[in-house]
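Here's the structure we're looking at; comments come further down.
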Amino acid sequence: MTHAIGYAAHHSFSNLKPLEFERAAPAAHEIEIEVLFCGVCHSDIHQAKNEWSNTVYPCMPGHEVVGRVTHCGPGVALHAVGDVVGVGCMVDSCRACAPCIAGEQNYCEGANGFLSTYNGPMIPSSLACTGQNMYGFDNTYGGYSSVLVVREDFALKIPAALKPEVAAPILCAGVTTYSPMKHWGVKPGDKVGIIGFGGLGDMAVKIAKAMGAEVTVFTHTPEKLSEADKLGVAGVLESDKAKFTELKGHFDFMLSTIPQKHDINPYIQLLKRNCTIVIVGALEMMERVNNAQVAFSRRSVAGSLIGSIADTQEVLDFCAKHGIGPDIQIIPIEDINKAYKQVIDEDVRFRFVIDMASLKAHTTEA
């Protein structure tokens, strides 16, 4: 066992606080990593506050993890001690269902689906190392911690051209936007609309532009129009009805990155015939879809969930090749609750990334 410390929420209404616990030693084909950086994702907030009604407490978030390998279990061949690796939203899957066999672990159809990096199912695995009962473990603890244990094939190689702190958000925000653009075949010259300009939207814009698409971003914040201009893409305010009329039937592909329930009907009409709008930001019931707008031009409304391990490695390599990455602000772990509030209040233009070295100064609070 390895002694570890992290930040966790104990209730939906409580702040995250230090928590000491034990990580199991890496078993066969598992690696232990010292966590260097961890991105702050809006889904961390949803989960910590039980907004999806499935949180197991204590909840230690963090699924945009970059760290250095410190120990390797028996049989490890993909990584070596000293390697800098990344861990995204998954740390294992059933490996036997059709999606897993096809390399789409993010759509695992096993009894519990893929094993989440945090708030995973109650299974007796060294990956789920909270150690709360004699039969196994309560739930997985994520990357807001000093140490993480993961299957070797669920750890990604961080390209040398990417700074570790910049790579961290790509493990979720990057692959969540890259995967659907790859699946629906975004190509040079396509007209792509990105709805929402937060952490996901920022990466979506940069990736689509690097793919050679003509990009338009939609935002409700006037100040973000200048940010779009800096990235060399068009910016449209969601309240600009005249612009929406002008853009009817304009887009080959649209991606909604808004993290809460919202009305997508105004955007459906902006698609060309036979084209698709994909929702990646919200995992909840959406507003009713006007099927007339869908049917009369054979448009599609679809969803996409993060990305496979292969997709995640691809997007890391893609970002390194094209010199793109998220705009980040590095924070110490003690600022995590303040960062959550800023994300909720939309008072942020970048992706928060925690410098996990700041954990070394902490002990469990009474």
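Read-outs throughout are calculated quantities, based only on the coordinates presented, and are distinct from any laboratory measurement. What you are looking at is a predicted structure, and each value in this text was computed from that prediction instead of being measured. Counting neighbours? That spans all protein chains shown, and the Cβs are built from the backbone with ideal geometry, glycine included.
Phi angles across segment 352-357 convert, under the Karplus curve 6.51 cos²θ - 1.76 cosθ + 1.60 with θ = phi - 60°, into 3J(HN,Hα) values of 6, 10, 8, 7, 6, 4 Hz, Gly and Pro given as x. Comparing mean-square fluctuations of 268, 306, 344 from a GNM of the chain with C-alpha springs under 10 Å, the top value falls on 344. Under the classification rounded if a/c is under 1.5, otherwise prolate if a/b is larger than b/c and oblate if not, where does segment 262-312 fall, given a ≥ b ≥ c as square roots of the Cα gyration tensor eigenvalues? In terms of gyration-tensor shape, oblate. The amide H of residue 83, built 1.01 Å from its N in the peptide plane, has 69 as neighbours under 5 Å, considering only residues 5 or more places off or on other chains. For residue 49, a cut-off of 16 angstrom between C-alpha atoms picks up these lysines, skipping any fewer than 8 places away in its own chain: 17, 338, 341.
With a/c under 1.5 counting as rounded, go ahead and sort the chain into rounded, prolate or oblate using the C-alpha gyration tensor (a ≥ b ≥ c being the square roots of the eigenvalues; past the cut-off, prolate if a/b is larger than b/c, else oblate). Note, shape of the chain comes out prolate.
Among the trypsin sites (Lys or Arg not before Pro) within segment 168-264, those in coil by DSSP and having at most 14 neighbouring Cβ atoms inside 10 Å are 248, 261.
In terms of surrounding Cβ atoms within a 10 Å radius of their Cβ, 211, 356, 181 rank from fewest to most as 211, 181, 356. Loop-located trypsin sites (Lys or Arg not before Pro) across segment 312-348 with a Cβ neighbour count of 12 or fewer within 10 Å are lacking, with loop assigned by DSSP.
Straight distance only, please: which aspartates and glutamates reach the Cα of residue 241 with their own Cα at less than 19 Å, same-chain residues fewer than 8 apart left out? Qualifying aspartates and glutamates at Cα under 19 Å: 223, 263. Annotation: aspartates and glutamates with alpha-carbon distance below 14 angstrom to residue 163 (same-chain offsets under eight excluded): 64, 83, 317, 327, 355. For segment 1-87, which chymotrypsin sites (Phe, Trp or Tyr not before Pro) are both in a DSSP coil and crowded by at most 13 other Cβ atoms within 10 Å? Counting only loop positions with at most 13 other Cβ atoms within 10 Å, the chymotrypsin sites (Phe, Trp or Tyr not before Pro) in segment 1-87 are 13, 52.
Specify whether the C-alpha gyration tensor of segment 173-303 places it in the rounded, prolate or oblate class, a ≥ b ≥ c being the square roots of the eigenvalues: rounded for a/c under 1.5, otherwise prolate if a/b is larger than b/c and oblate if not. Rounded, since a/c falls under 1.5. Under the 0.36 nm per residue contour assumption, what length would be gained going from the current alpha-carbon distance of residue 338 and residue 27 to full extension? Contour length minus the Cα-Cα distance gives 108.3 nm. Under 5 Å between amide hydrogens, built in the peptide plane, is the criterion, and for residue 330 it picks out 353 among residues at least 5 positions away or on other chains.
Per-residue Karplus couplings for segment 93-109, computed as 6.51 cos²θ - 1.76 cosθ + 1.60 with θ equal to phi - 60°, are listed in order as 8, 6, 6, 10, 7, 4, x, 5, 5, 7, x, 10, 4, 5, 10, 3, 9 Hz, Gly and Pro entered as x. Length available on full extension from residue 245 to residue 288: 0.36 nm per residue minus the Cα-Cα distance, which gives 13.4 nm. Given R0 = 41 Å, the distance between the Cβ atoms of residue 77 and residue 230 translates into a calculated FRET efficiency of 0.40.
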